[in-house]
Amino acid sequence: MKTVKMTAVLLVLLVIAGCGKAPRLEIETFEVNHIEHYQLTQLIEPYIFYGREGSEGMYTVSGNVLTVRETPDNLARIAAVLLKYDVRKPSIMLHIDVIEADGGEIDPSIQDIAERLRELFRFTGYERVAGGVMAVTEGSEIDQTMGVGGVTGSSSTFSFQARIGRISQEDGDWTLYAESLYLRRGDGTVIRTSAQLRVGQTTLVGTSLEGSGAKAVILAVRPEIHE
């Protein structure tokens, strides 16, 4: 009986000792070519454990080489994150259309989005009155005045501003996070929002009518990859 008790005590002590054992750390280097330093920090720091007693994680960056000391599991997670985000960003063009809505007809130049316009805003007529094409990159800011356009030669002028945040690839599709989209019509009508913009898809943002005879204004934004 004593032997059984002593064996049980020894097993408990071994389990306790095992629980306190520091995890095994390894050092691995990664080549990073398409991520800014501040973005790299945000991506990998969740997998670096600084306060682990006796085996703190760490990383250093020298040029385009990232060196990490962590557990094998966390190194594998970091490798997966880099595989996803360390990719060459394409050249992207923003196609901007400024549309006014009233009781008229559909402008032939925006016929491709006519059905969506009617579903979202429920006006009868839509006219493209201004627009442009602008190159954007991650972190870029745009400030541009767009003037006369459309079929009837509207005299409206529009101030367009945008601030582009992260550009990333999700499930094979490129997505831009527009931290700010701002459009101001000459009469003071303003659209201000943020949005996820998916390459090849048109995002529509509009205002409501204000005052008798006023026309609602709608901003259409479509990013496309520029070859």
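We did not get these values from a lab; they are worked out from the coordinates using the rules stated. Please read these numbers as outputs of a predicted model, since none were measured by experiment. Here the Cβ is made from the backbone with ideal geometry for all residues, glycine too, and neighbour counts use every protein chain on show.
Assuming 0.36 nm per residue, please report the length gained on full extension of the stretch Arg122 to Asp73 beyond their Cα-Cα distance.
That works out to 12.3 nm of additional length.
Whole-Hz ³J(HN,Hα) for each residue in the range 178-193, computed from phi via Karplus 6.51 cos²θ - 1.76 cosθ + 1.60 with θ = phi - 60°, x for glycine and proline: what do you get?
Running phi through 6.51 cos²θ - 1.76 cosθ + 1.60 with θ = phi - 60° gives 7, 5, 8, 10, 9, 9, 10, 7, x, 7, x, 5, 10, 10, 9, 7 Hz.
Rounding to the nearest 20 debye, state how big the charge dipole of the range 69-227 is about its Cα centre with +1 on each Lys and Arg Cβ and -1 on each Asp and Glu Cβ. Please list the in-between numbers first.
On the way: 17 positive and 23 negative charges, 69 e Å.
Around 340 debye, computed over the range 69-227.
In percent, how large is the relative contact order of the range 24-155, given Cα pairs closer than 8 Å and 6 or more residues apart?
21 percent
Toward the positive end of the charge dipole of the range 92-225, about the Cα centre and with charges on Cβ (Lys, Arg +1; Asp, Glu -1), which of Ala214, Ile113, Gly125 goes farthest?
Ala214
Run through the range 55-115 and list the GluC sites (Glu not before Pro) located in a DSSP loop whose Cβ has at most 14 other Cβ atoms within 10 Å.
On the way: sites: Glu56, Glu70, Glu100, Glu105, Glu115; in loops: Glu56, Glu105.
Hits after loop and neighbour filter: Glu56, Glu105.
Using the Cα centre of the range 22-85 as the reference point, and only Cβ charges (+1 on K/R, -1 on D/E), how large is the resulting charge dipole? Debye, rounded to the nearest 20.
So the dipole magnitude of the range 22-85 works out to roughly 100 debye.
In nm, to one decimal, how far is the modelled label at Arg24 from the one at Phe49, with both set 7 Å along Cα→Cβ?
1.6 nm
Mind checking the dipole of the range 56-158: about its Cα centre, +1 per Lys or Arg Cβ, -1 per Asp or Glu Cβ, Debye to the nearest 20?
Dipole of the range 56-158, to the nearest 20 debye: 420 debye.
Sorted from largest to smallest, which semi-axis lengths in Å does the alpha carbon gyration tensor of the range 92-225 give for its equivalent ellipsoid, taking the root of 5 times each eigenvalue?
In descending order, the three semi-axes are 25, 16, 13 Å.
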